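Student: Got a structure for you, written out below as structure tokens; questions coming shortly.
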Amino acid sequence: MVFIDKVREYHKNHDDEELHQDIEKAIDYCIKNNILKEFLKERRTEVLDMTAVDYTYERRMILNYNEGKEEGIKEILLDKISKKLSKGKSISQIADELEESEDAIMELAKEIEDK
């Protein structure tokens, strides 16, 4: 667990291009602090490769989940706007009721019209 926590700590503010370097730092930290020392010394390359694959997969799954969640929220918002427009409400009223900007509501209303 310490190893994974260190990978996350080192990689927190970095992009994916630096992932291998951050994993290397985590491995070095653990070896220096006698955490899985022999295992990491013997299987450094394997641990590096597997951690990179797992970490990248985990991040991709989180991004996909968040994209799906955002898309679901957008669909709910589009549905609400459509219903309010069909009741004759103005963009200004809808924006106020949904606590969104008028520009955002206008843009979504155009999407509804285009469908």
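The values are calculated or read from the model by the stated rules, or taken from the named source; none is laboratory data. Because the structure is predicted, anything quoted here is derived from the model rather than measured. Cβ: placed from backbone, ideal geometry, glycine included. Neighbour counts: every protein chain shown. Please note that ligands, DNA and RNA were not included when accessible areas were found on the heavy atoms of the full protein model with its side chains. Shrake-Rupley method; radii C 1.70, N 1.55, O 1.52, S 1.80 Å.
Student: Quick one: plug the Kirkwood hydrodynamic radius of the chain (C-alpha pairs) into Stokes-Einstein at 10 °C, 1.306 mPa s, and report D in µm²/s.
Tutor: D = 90 µm²/s.
Student: Next up: Could I get the Rg over Rh figure for segment 1-46? Both from C-alpha atoms, Rh via Kirkwood, rounded to two places.
Tutor: Across segment 1-46, the Cα-based Rg/Rh ratio is 0.97.
Student: Enumerate the calculated ³J(HN,Hα) couplings along segment 69-83 in order (Karplus 6.51 cos²θ - 1.76 cosθ + 1.60, θ = phi - 60°), each rounded to whole Hz, writing x wherever the residue is Gly or Pro.
Tutor: With coefficients 6.51, -1.76 and 1.60, one gets 5, 4, 5, x, 5, 4, 4, 5, 5, 4, 5, 5, 5, 4, 5 Hz.
Student: Between V53 and I73, what's the calculated FRET efficiency when r is the beta-carbon distance and R0 is 30 Å? Round to 0.05.
Tutor: The formula returns an efficiency of 0.45 here.
Student: Can I ask one more? Can you spot the lysines whose alpha carbon is less than 16 Å from K41's alpha carbon? Ignore those fewer than 8 places along the same chain.
Tutor: K25, K32
Student: On to the next question. Could you tell me which of the pairs K6/K37; K84/K110; K12/K74; K69/K89 are separated by over 24 angstrom between their Cα atoms in the structure shown?
Tutor: The pairs that break the limit, which is 24 Å between Cα atoms, are K12/K74; K69/K89.
Student: What is the gain in length, in nm to one decimal, between K32 and I62 on full extension, counting 0.36 nm per residue of separation less the C-alpha to C-alpha distance?
Tutor: Extending this stretch completely gives an extra 7.6 nm.
Student: Kindly provide the trypsin sites (Lys or Arg not before Pro) of segment 1-51 that DSSP labels as loop, not H, G, I, E or B, and whose Cβ sees at most 12 other Cβ atoms within 10 Å.
Tutor: Those satisfying the criteria are K12.
Student: In angstroms, what radius of gyration and Dmax does segment 10-71 have, counting Cα atoms only?
Tutor: Rg then Dmax for segment 10-71, in Å: 14.1, 46.
Student: Any idea of the accessible area per residue across the chain, 1.4 Å probe, to the nearest Å²?
Tutor: I get 74 Å² per residue for the chain.
Student: Note down the relative contact order for the chain as a percent, whole number, built from C-alpha pairs under 8 angstrom at least six residues apart.
Tutor: Details: 54 pairs, mean separation 18.2, N = 115.
The normalised contact order for the chain reaches 16 percent.
Student: Using 0.36 nm per residue, how much length does the chain from R44 to E113 gain when fully extended, once their Cα-Cα distance is taken away? Intermediate results must be reported in sequence, preceding the final value.
Tutor: Numbers: separation 69, 0.36 × 69 = 24.84 nm, distance 5.69 nm.
Taking R44 through E113 to full extension adds about 19.2 nm, to one decimal.
Student: Quote the Stokes-Einstein diffusion coefficient, in whole µm² s⁻¹, for segment 35-86, based on the Kirkwood radius over alpha carbon pairs, a temperature of 4 °C and a viscosity of 1.567 mPa s.
Tutor: 90
Student: Further, regarding this structure: Normalise the Cα radius of gyration of segment 61-115 by 2.2 N^0.38 Å (N = residues in it) and let me know the number.
Tutor: Dividing the Cα Rg of segment 61-115 by 2.2 N^0.38 Å gives 1.22.
Student: Can you give me the % of accessible surface on segment 34-111 that is carbon or sulfur? Probe 1.4 Å, all protein chains present, nothing else counted.
Tutor: Summing carbon and sulfur atoms, their accessible area is 51 percent of the total for segment 34-111.
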